[in-house]
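Below is one structure; the comments refer to it alone.
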Amino acid sequence: MRGYRTGVLLLAATLVVAFLQAGCGGKQPDLTIPLDEASLLNNELTVAFVTARELLEASTLDARNLGHLPDGLTPESFDIALTRHVLEACLTTPVAHLPGTDPQRLPEVATASPGSEQRPMTGREAVGRAQPCAPQRLVVLEAYLESVDQRTRDFIVNRLLLVDTLRVNLRDVLPARLDALDRMRRDASLEVERLRLIADERLALADGSRVTESQRRETEVAHGRMLQELSRISAVLGEMEEQQAPMQQLRRQLVDEAARNIVRMGGTDR
């Protein structure tokens, strides 16, 4: 914070000097309003916020559907106890990052994919930046696939992929992205004030004697557009701050809800 204030003071001093030079017959003042910077900041904030929110919404739907069986598949038609056991173990597997993963790099949204036809469960590759879950009885469940029809096989494999996707997104991707959002929000709040100061000072410089009426008018228009853009950014920042705690809480709740729904899978309690 101290460094930011120092930077603002230096910026203000520089602009004051430019203002005095413009008024005293010095060089032509820089009247550029950094609207592109503000637009870029708005876009970055919006994309990051929407991405995290959409991932949380998708994870909510997935977690709440874990207890459902597709039409025509009943708990008696396959080994549901073995399936539940493996899914529970997968969900609770700690996230292990791939070797060489940069912990400072923001993780992409994770999606689990099946392995080969012969090893759809044990031959899987990474889930995002994490190792796939490999619970002890996964080999047993994969061998069991040979004794069921294709529809049941597809259900078991896809349900494992869904659980592993949830595991990584809820335990790794979303925590990292929500923490990054909080940092972005704090940094952007300071950046908004910096850009506002520049815009106001450039508008003041436009009143100098070496500025034409056309330049003055262009600066006034650009300044108005800048204030509108900063207002939009402030609205996004306000929504981010308001949603930060509820989004964190929902993420934690979804981990527990997913576990409960696995236990209830195929039951009547929805």
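The residue that is nearest to residue 173 (Cα to Cα), counting only those in the stretch 77-95 that are surrounded by 12 or more Cβ atoms within 10 Å (Cβ to Cβ), of a type in the set (A, V, I, L, M) and over 20 Å from the mean Cα position of the chain (by Cα), is 91. For the stretch 199-210, the set of residues classified as surrounded by 21 or more Cβ atoms within 10 Å (Cβ to Cβ) and more than 10 Å from residue 220 (Cα to Cα) consists of 205, 208, listed by residue number.
For residue 173, are the conditions met, namely being buried (at least 19 other Cβ atoms within 10 Å of the Cβ), out of contact with any helix residue (DSSP H, G or I) (no Cβ under 8 Å at 6 or more places or on another chain) and more than 22 Å from residue 28 (Cα to Cα)?
In short, no.
Only one of the numbered conditions (1) assigned to a helix (DSSP H, G or I); (2) of a type outside the set (S, T, N, Q); (3) over 26 Å from residue 253 (Cα atoms) is not met by residue 90, and that is (3).
Kindly provide the set of residues from the stretch 98-109 that are without any contact (Cβ under 8 Å) to a residue 40 or more places away in the chain and surrounded by 10 or more Cβ atoms within 10 Å (Cβ to Cβ), ordered by number. Step through it out loud before you land on a result.
If we filter the stretch 98-109 for residues that are without any contact (Cβ under 8 Å) to a residue 40 or more places away in the chain, which is where we start, we get 98-105.
Across the stretch 98-109, the qualifying residues are 98, 101.
Is it true that some residue in the stretch 16-33 is surrounded by 11 or more Cβ atoms within 10 Å (Cβ to Cβ), modelled with pLDDT of 50 or more, of a type outside the set (Gly, Ala, Ser) and in a helix (DSSP H, G or I)? No, every residue in the stretch 16-33 fails to be surrounded by 11 or more Cβ atoms within 10 Å (Cβ to Cβ), modelled with pLDDT of 50 or more, of a type outside the set (Gly, Ala, Ser) and in a helix (DSSP H, G or I).
Selection of the stretch 141-167 for residues being closer than 10 Å to residue 87 by Cα and either modelled with pLDDT under 95 or more than 36 Å from the chain's Cα centre (by Cα) (or both) yields an empty set.
Scanning the stretch 53-76 for residues that are acidic (Asp, Glu), under 18 Å from residue 263 (Cβ atoms) and over 31 Å from the mean Cα position of the chain (by Cα) yields a single hit, 76.
Only one of these is more than 30 Å from residue 143 (Cα to Cα) and either crowded, with 17+ Cβ neighbours inside 10 Å or among the hydrophobic types (A, V, I, L, M, F, W, C) (or both): 56, 73, 69. Name it. Please lay out each step first, then the result.
Values: 73 fails: more than 30 Å from residue 143 (Cα to Cα); 69 fails: more than 30 Å from residue 143 (Cα to Cα).
Matching residue, one of 56, 73, 69: 56.
Six or more apart or on different chains, Cβ atoms under 7 Å: show the pairs whose first residue is in the stretch 227-248 and assigned to a helix (DSSP H, G or I) and whose second is hydroxyl-bearing (Ser, Thr, Tyr) and modelled with pLDDT of 95 or more. Note: pairs meeting the criteria are 229/39; 236/46; 237/189. Considering each of 70, 103 in turn, give the residue that is in contact with a strand residue (DSSP E or B) (Cβ under 8 Å, 6 or more places away or on another chain) and either assigned to a loop (DSSP other than H, G, I, E, B) or at pLDDT below 95 (or both). Going through 70, 103 in turn, just one is in contact with a strand residue (DSSP E or B) (Cβ under 8 Å, 6 or more places away or on another chain) and either assigned to a loop (DSSP other than H, G, I, E, B) or at pLDDT below 95 (or both): 103. Of all the listed residues (139, 127, 163), the sole one being free of Cβ contacts under 8 Å to residues at least 24 places away in the same chain and either in contact with a helix residue (DSSP H, G or I) (Cβ under 9 Å, 6 or more places away or on another chain) or surrounded by 14 or more Cβ atoms within 10 Å (Cβ to Cβ) (or both) is 139. Determine whether residue 124 is over 25 Å from residue 60 (Cα atoms), among the basic types (Lys, Arg), assigned to a loop (DSSP other than H, G, I, E, B) and out of contact with any Phe, Trp or Tyr (no Cβ under 9 Å at 6 or more places or on another chain). The answer is no for residue 124. Take residue 124 and decide whether it is out of contact with any Pro (no Cβ under 9 Å at 6 or more places or on another chain), among the basic types (Lys, Arg) and at pLDDT 95 or above. No.
Of all residues in the stretch 103-113, those satisfying the criterion of being closer than 16 Å to residue 175 by Cβ and not hydrophobic (A, V, I, L, M, F, W, C) are 103, 104, 105, 107, 108.
Taking residue 129 as the residue in question, decide whether it is within 30 Å of residue 36 (Cβ to Cβ) and charged (D, E, K, R).
no
The values are calculated or read from the model by the stated rules, or taken from the named source; none is laboratory data. Note that the structure is predicted; figures quoted are calculated from it, not measured. As a convention, Cβ positions derive from the backbone with ideal geometry for all residues, glycine included, and neighbour counts pool all protein chains shown.
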